[in-house]
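One structure below.
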Amino acid sequence: MKTILLVDDDLFVTTLYKTKLSGEGYQVETANSGAEALSKLEHLRPDTIILDLNMPEMNGVEVLKQIRNIPELKDVPVIIFSNGHVQSLLDEVCPLGVQKFFTKSLCPPNRLLAEIQNTLEAAPIGQSGSKPTPLETAAASTAPDAPVRAVAIGAHPEVQRKVLAGLYRSVQPEMKAALADKSESRREVLGRALKHLFNDLYDHPEHITETSIQTLMQGLGNLHQADPAPTNPVLDSEAALKSILQSFEE
């Protein structure tokens, strides 16, 4: 039986997901603080860890740093499951080896369960301290049905297409809402540019590069933050998408 450690300071969250995951045949251990998690990990060797970032006293970054210093746990898959993401925390946690990010409010239990199943069926994520690929560091609002790690530069085109399709399906509701604005808002324009890039990469896998994937993921990361203020440019290329992404940094 596969073991999952669920770390979250919200007792409601740990109770809800323990019930859900136990019902699917997993052994689930919970911890409601970073200190409790580390105490349990002195004797527990889970197959995957679900980790909240925003916890009092010891946040998820600090917890994960200590986890990666445990030789037996340096490669255990970790899924970040958190709300109110602070960009500085995301930047810190990425190099520590993270399988996926999910926002609690945007991720129903079945979606998290599907990712856990994918994670447990996949190979270990690699050496501690290795930086995830751009698709792995997708914004928390994305949750591909297929393991996004499969989109590797130089991978077989059909494998890349499958993962891109899974990623698109996972963000389709948000994309559809953005495209429905029909107001030339930054959100609608960004959604249109993202759809164009998805189509281009799917039709031409040879265009998949580190740069194009990073651009795609940055766009997805900003899609749910885009405001409805009108804008003028019509974006239909990767270069144009980069242009609007720059506006988020201004």
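The values are calculated or read from the model by the stated rules, or taken from the named source; none is laboratory data. On a predicted model such as this, the values are computed, not experimentally measured, just so you know. Neighbour counts run over all protein chains shown; Cβ positions are idealised from the backbone, glycine included.
Here are a few things to note about the model shown:
- The residues in segment 43-67 that are under 26 Å from Met1 (Cβ atoms) and within 19 Å of the chain's Cα centre (by Cα) can be counted, and the count is 9.
For every residue, the table says whether it meets (1) modelled with pLDDT under 90; (2) over 17 Å from Thr119 (Cβ atoms); (3) aliphatic (A, V, I, L, M).
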| site | (1), (2), (3) |
| --- | --- |
| Asn32 | no, yes, no |
| Leu38 | no, yes, yes |
| His43 | no, yes, no |
| Pro56 | yes, yes, no |
| Lys65 | no, yes, no |
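- Filter pass, Leu5 being under 22 Å from the mean Cα position of the chain (by Cα), surrounded by 15 or more Cβ atoms within 10 Å (Cβ to Cβ), of a type in the set (A, V, I, L, M, F, W, C) and at pLDDT below 95: no
- Thr30 vs. criteria over 22 Å from Cys94 (Cβ atoms), within 23 Å of the chain's Cα centre (by Cα) and crowded, with 17+ Cβ neighbours inside 10 Å: yes
- Of all residues in segment 191-208, none that is touching a residue at least 24 places away in the same chain (Cβ under 8 Å) has its Cβ atom under 6 Å from the Cβ atom of a residue that is outside any helix (DSSP H, G or I) and among the aromatic types (Phe, Trp, Tyr), 6 or more apart or on another chain.
For every residue, the table says whether it meets (1) modelled with pLDDT of 75 or more; (2) within 21 Å of the chain's Cα centre (by Cα); (3) part of a helix (DSSP H, G or I); (4) not assigned by TED's automatic domain parsing to the domain that holds Leu167.
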site	(1), (2), (3), (4)
Ser183	no, no, no, no
Arg187	yes, yes, yes, no
Leu194	yes, yes, yes, no
Leu197	yes, yes, yes, no
Asp200	yes, no, yes, no
Val234	no, no, no, no
